[in-house]
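The values are calculated or read from the model by the stated rules, or taken from the named source; none is laboratory data. Just so it is clear, the structure is predicted and the values come from calculations on it, not from any experiment. Reconstructed Cβ throughout: ideal geometry from the backbone, glycine too, with neighbour counts over all protein chains shown. Quick note on the areas: whole protein, heavy atoms, side chains included, nothing else; ligands and nucleic acids left out. Shrake-Rupley method; radii C 1.70, N 1.55, O 1.52, S 1.80 Å.
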Amino acid sequence: MIQIIPAIDIIDGRCVRLTKGDYSLKTVYDGAPEDVALSYADCGVRRIHIVDLDGAKLSRPQNLRSLEKIASRVNCEIEWGGGIKDDRALRDAFNAGGTKAIVGSVAALKPELFELWLKRYGKAMILGADIREGKVSVSGWQEDTPLRVEDMVERFAPFGLEEVIVTDISRDGMLQGPSDSLYTALQERYPANSFTVSGGISSMADIERLNALGLRKVIVGKAIYEKKISLKDIEKWSQSA
């Protein structure tokens, strides 16, 4: 069964959601990130997805204290991204409690460094490919590149790349359903890699459909905050997985 990975996006130590990656279209939600993370962990999820949006914008992790608090309260894996641009930032994220690091900008702009990290940290590294109109966007979705997801997967596969989170920026926070064909095409083309669906999840029906298509992981964010998907839904799915 497809693995549900609940998401927490953080700005100034608070849970937020953006629409289409636009920092000016920000919704702030009640609840400290560590409390929200614990509520997810109590549902039996195996992993939580956390993005430091301040870090992504400023090119340096800014909310590691929140990561420390979360890691002290949950036993599941934590995949952390946002502002990991050099060795120090990567070490800081791991030392603060991240079990997996999501890297996008470095992979696109400094591929040799990401290759080195893949060799050194192996399965702890996740490629983050945020796409807008088919091309990868970096630096907190503020800059577009000429790269495609396929370019990056083929570049890094020889160095042990396993997991790729592909975020469809045009659908992120829109609650209009994911781009099924994007993910099925990638998963079929690169069966050795695991592609995580990110962007647009609006209901459990979306997740059931993705599961039927054979996809392996899905990130759910705004649909939970907007009560389109309940914690009980997640708990029931996690128990049956």
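Counted over all Cα-Cα pairs of the stretch 167-241, pairs farther apart than 18 Å make up 36 percent.
With the simple model of a label 7 Å out from the Cα in the direction of the Cβ, Tyr121 to Glu208 spans 3.8 nm.
For Glu188 and Ser24, the FRET efficiency from 1/(1 + (r/R0)^6), where r spans their Cβ atoms and R0 equals 41 Å, is about 0.65.
For the stretch 1-50, a/c is not less than 1.5, where a ≥ b ≥ c are the root eigenvalues of the C-alpha gyration tensor, and a/b does not top b/c. That puts it in the oblate class.
Normalising the Debye intensity of the chain to I(0), with uniform scatterers on Cα atoms only, and taking log10 at q = 0.12, 0.15, 0.16 Å⁻¹ returns -0.60, -0.99, -1.16. Each residue of the stretch 202-219 is assigned a 3J(HN,Hα), and the resulting list reads 10, 6, 5, 4, 4, 5, 4, 5, 4, 5, 5, 7, x, 7, 9, 9, 9, 8 Hz, derived from the Karplus form 6.51 cos²θ - 1.76 cosθ + 1.60 (θ = phi - 60°), x at Gly and Pro. So which lysines can Lys100 reach, going by Cα to Cα under 21 Å and dropping same-chain residues fewer than 8 places off? Reachable lysines: Lys57, Lys69, Lys85, Lys110, Lys119, Lys123, Lys217. With the simple model of a label 7 Å out from the Cα in the direction of the Cβ, Asp12 to Arg148 spans 4.1 nm. For the chain, adding -39500 (n - 2.57) for each run of n ≥ 4 DSSP H residues and dividing by the number of residues yields -10000 deg cm²/dmol at 222 nm.
Karplus-based coupling profile of the stretch 178-187, in residue order and whole Hz: x, 8, 3, 5, 4, 6, 5, 5, 5, 5, with θ = phi - 60° in 6.51 cos²θ - 1.76 cosθ + 1.60 and x standing for Gly or Pro. The residues of the chain have, on average, 43 Å² of accessible surface per residue, using a 1.4 Å probe with all protein chains present. Between the stretch 1-62 and the stretch 85-164, how far is it from one alpha carbon centroid to the other, in angstrom? Cα centres, the stretch 1-62 to the stretch 85-164: 19 Å.
Listed by chain and number, the aspartates and glutamates whose alpha-carbon sits under 17 Å from that of Lys26, ignoring those within fewer than 8 places in the same chain, are Asp9, Asp12, Asp52, Asp54, Asp172, Glu226.
Classified by the C-alpha gyration tensor, the stretch 47-143 has a prolate form. Its axis ratio a/c, with a ≥ b ≥ c, is 1.5 or above, and a/b is larger than b/c. Loop-resident GluC sites (Glu not before Pro) (DSSP state other than H, G, I, E or B) in the stretch 118-227 with no more than 10 further Cβ atoms inside 10 Å of their Cβ: Glu133.
Estimated from the Cβ-Cβ distance and a Förster radius of 41 angstrom, the FRET efficiency linking Leu109 and Asn75 is about 0.75.
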